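S.K.: The structure is given below, and queries will be raised subsequently.
The values are calculated or read from the model by the stated rules, or taken from the named source; none is laboratory data. Please read these numbers as outputs of a predicted model, since none were measured by experiment. Glycine also receives a Cβ, built like all others from the backbone with ideal geometry; neighbour counts cover every protein chain displayed. With ligands, DNA and RNA removed, areas are computed over all heavy atoms of the protein, side chains included. Shrake-Rupley method; radii C 1.70, N 1.55, O 1.52, S 1.80 Å.
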Amino acid sequence: MTRLRTYLSFVRFSHSVFALPFALTGALLAVQRTATTSPEIVRRAVWIIVAMVAARSAAMGFNRLVDARWDARNPRTAMRELPRGAMTATEATVFVIVSSVVFVAAASQLGRVCLALSPVALGIVFWYSLAKRYTTYTQLFLALAMAVAPVGGWLAATGPIGALEPWLLGAAIGAWVGGFDILYACQDLDFDRAAGLKSIPVRFGIRASLVMSRAMHVLAVACLAGLAAVADLGPLYLVGVAIVAVLLVYEQSLVSEHDLSQVKRAFDLNGYVGILYFVATAVSIYVH
């Protein structure tokens, strides 16, 4: 049990609630367009969950592995599993490989398109961990990695590729995640500058970064609201979007240019966004 807790902490397993509800929402929207039987819906939902957890675990494990030497020097991250010796680099490497294999295996259960695209998805989520060595726009690559989730869920439920819904939902989650990752990166500004790492806060400073973060959250809410018209989701859905908007406004209110002490609290609020949004969408579809 101690080792299990170590591995779960290593990949921050509880943070799976960020992307998973959006993948399931993408699948839920796709099901409305297809004549899928109930047993098949359940089967696909199980494999979507397995794929999402495995992909995220692989991505987080890879992030911790390639960032270990910087994590050891950063006071905020020095107590993570690799820097403090709770896990070895070999264990972390095996964990990433196994998680990646599980993801590809799960994708194979969701059709040829998902299987063919699974290496692309892994490439996107792995690149985020390397991006801060090369580009200012690191946080936008995390946005892209997370935007894959609802599109993947849609395809996994055999939704048509040319439909607008998954791309609009992908844009929403990408803007949402990019916005809160910019906030999160602000707390490492001094360390990243000293270490020669790149990010939006490093390039543009705290004030401009907060403006970008807020603009991205406005865009996220606009995309979610626009989905109501595209997918005919009804007023209950818009109530859910309004609650999400209130949460994001509160999240932004916790952080200012001169006070970053509440960044962690603001970040943790995002765990409620995905769950709330999925529930609102599900209720809207089956009531509307």
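So that you can scan it fast, the table gives a plain yes or no per residue for (1) at pLDDT below 95; (2) in contact with a Phe, Trp or Tyr (Cβ under 6 Å, 6 or more places away or on another chain); (3) within 18 Å of F278 (Cβ to Cβ):
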residue: H217; (1), (2), (3): no, no, no
residue: A225; (1), (2), (3): no, no, yes
residue: L236; (1), (2), (3): yes, no, yes
residue: L248; (1), (2), (3): no, no, yes
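Residues checked against (1) touching a Cys at 6+ places or on another chain (Cβ under 9 Å); (2) surrounded by 23 or more Cβ atoms within 10 Å (Cβ to Cβ):
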| site | (1), (2) |
| --- | --- |
| I173 | yes, yes |
| D181 | no, yes |
| A194 | no, no |
| L197 | no, no |
| R214 | no, no |
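S.K.: Could we say that E251 is in contact (Cβ under 8 Å) with a residue 40 or more places away in the chain, open to solvent by 20 Å² or more (accessible area, probe 1.4 Å) and either out of contact with any Leu (no Cβ under 6 Å at 6 or more places or on another chain) or not aliphatic (A, V, I, L, M) (or both) here?
M.R.: So E251 fails the test.
S.K.: Being buried (at least 24 other Cβ atoms within 10 Å of the Cβ) and either in contact with a Cys (Cβ under 7 Å, 6 or more places away or on another chain) or of a type in the set (K, R) (or both) is true for just one of P201, P166. Which residue is that?
M.R.: P201
S.K.: Any residue at all in the range 34-44 that is open to solvent by less than 30 Å² (accessible area, probe 1.4 Å), over 28 Å from G174 (Cβ atoms) and modelled with pLDDT under 90?
M.R.: no
S.K.: Can you give me the number of residues within the range 84-121 that are over 22 Å from T158 (Cβ atoms), open to solvent by less than 30 Å² (accessible area, probe 1.4 Å) and not in a loop (DSSP other than H, G, I, E, B)?
M.R.: 4
S.K.: Additional query: So, of the residues in the range 67-83 that are farther than 19 Å from T6 by Cβ and assigned to a loop (DSSP other than H, G, I, E, B), which turns out to be most open to solvent (accessible area, probe 1.4 Å)?
M.R.: This residue is P75.
S.K.: Only one of V279, V218 is open to solvent by 70 Å² or more (accessible area, probe 1.4 Å), aliphatic (A, V, I, L, M), part of a helix (DSSP H, G or I) and over 26 Å from Y128 (Cα atoms). Can you tell me which?
M.R.: V279
S.K.: Kindly indicate the residue of the range 248-262 that is of a type outside the set (S, T, N, Q) and out of contact with any helix residue (DSSP H, G or I) (no Cβ under 6 Å at 6 or more places or on another chain) and also farthest from F18 (Cα to Cα) among those meeting that condition.
M.R.: H258
S.K.: Here's a follow-up. Do the conditions hold for Y128, that is, is it of a type in the set (S, T, Y), within 30 Å of G205 (Cβ to Cβ) and loosely packed, with under 15 Cβ neighbours inside 10 Å?
M.R.: No: the conditions fail for Y128.
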